[in-house]
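The structure appears below as structure tokens.
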Amino acid sequence: MIRSVTAVATLLTMLVTTVSLPAVAQPVAQARGIDRVCPPPADLDDPADTDEDDAAAADDAAADAPPFPDAGTTHAAAIACAAAYGLVGGFPDGTFRPDEPLTRGQLASVVRSFIEVATPETLPVPDTDPFPDISTTVHRDAIAALGDTGVVAVRADGTYDVGATVSRGQMARFLTNTLGFAAKAPGAFPPAEGTAFFADVIDTAFQAETQSLAAVGVVQGTADGRYRPGADVTRGQLASILLRAADLLAEEELWQPQEPTRTALDITVHLRGEDVLDCEDQPCLDGQPLVDGKGQPGAEATATLVFDAVEGTLGYAVDLGNVQGPFDGASGIRLQHGATGINGPAVLVLATGAEVQAATGVVSGVLEGTDGSDNDVAAGITEVLADPSGFYLTIRSNDFPNGAVRGQLATE
């Protein structure tokens, strides 16, 4: 008898081992598209537009979407749409880099833009820093503006931790807070949802936010059915998540798109010898004439500058025109504070005289972060974006150490 019971038990064990029993069905998060909000109309804040106007403008916006060659397919439509709204931007080399992780500083700039595009509200920027580690970052104003909204949170040590990457779990909390603020329903929007869509977020710090966003289709799982809350959010994922959030607001008639806040600024600067203050028909500096056969009045150059607050970069391309060297070794091309007729303090050195001397007509490059020289690119970009017209660009030669040619920045 004992032997027969043992045999049955062995048989049951073999059956359980060799037969696949049906698994319990995992709830599937709602699928949400972005068609309600993409592409955006060109006149975002004009209530007088007719449906026909908006449709035509949407076609134009789609045609003008930045042609990021590396956008891929999964997030390509969302990337183009988010860029058209001014929520995200590309790098100076024309790429978007959808697989790069997002930092907390970048996310603050994007979230601030999202709120100011989604609603008629402009977030005030306080004079004092809500976090001790943000004063020199290009994202300072965005972080400070979000400080009183409840959207961003302080770290345990009291810092914001600007350069840290953002996990998918943290993104869920950021976005839940953002949606609640945009809907003027903190903590109540999107609606709470008890269904456990992703097993790997249960008992994590971000379980409630992730599950509620999944319930309304704003966040979705990975190909293997998990959420992966500890993985970094990529730039491509961010674009899709933002636009699905916008679609949710539109479904609730809460999406009121406005003209985007400036996160990038593209300026073409014309530099000429005679653009400095006139001293009896001669170019001059601080009242003293600037005269020389090589940097003579009439020398011209053109510079295109792209300041990107989200990326913290300054891309530049300077066509030297007929400006002649040899060029000042330490600071060939400089961005300075003030007007062209004064010798204002240097903000950024774009290229040294050696780099200008070696160039064949055009000097170009990208400044990013603190580049190891005296440049603090993030702080410089922050200054310029606050008031572009308060800065000028100069090309310095040996004969004109204060600038053979100068040009004031303008936002037109």
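Between ASP319 and ALA156, the modelled label-to-label distance comes to 5.6 nm, taking each label 7 Å out from Cα in the direction of the beta carbon.
In units of the compact-protein estimate 2.2 N^0.38 Å, region 141-205 shows a Cα radius of gyration of 1.24. With Cβ to Cβ distances under 12 Å as the rule, what net charge do the other residues near ILE333 carry (K, R +1; D, E -1)? Result for the local shell: 0. Between GLU251 and ASP35, residue separation times 0.36 nm minus the direct Cα-Cα distance comes to 76.7 nm. Taking the Cβ-Cβ separation of ALA205 and GLU259 as r and a Förster radius of 35 Å, what is the calculated FRET efficiency to the nearest 0.05? Efficiency for this residue pair is about 0.45. Computed extension length for ASP70-ASN402: 115.4 nm, one decimal, from 0.36 nm per residue of separation with the Cα-Cα distance subtracted. In terms of packing, defined here as the mean over residues of other Cβ atoms within 10 angstrom, the peptides 77-83, 382-388 line up highest first as 77-83, 382-388.
The peptide list 158-165, 231-238, put in order of mean Cβ contacts within 10 Å with the highest first, becomes 231-238, 158-165.
Distance between the pseudo-spin-label points of LYS184 and GLU121 (7 Å out from Cα toward the beta carbon): 0.9 nm.
FYI, it's all coordinate maths here, none of it is from the lab. Everything quoted here is computed from the prediction, not taken from an experiment. Every residue, glycine as well, gets a Cβ built from its backbone with ideal geometry; the counts of neighbours run over all protein chains shown.
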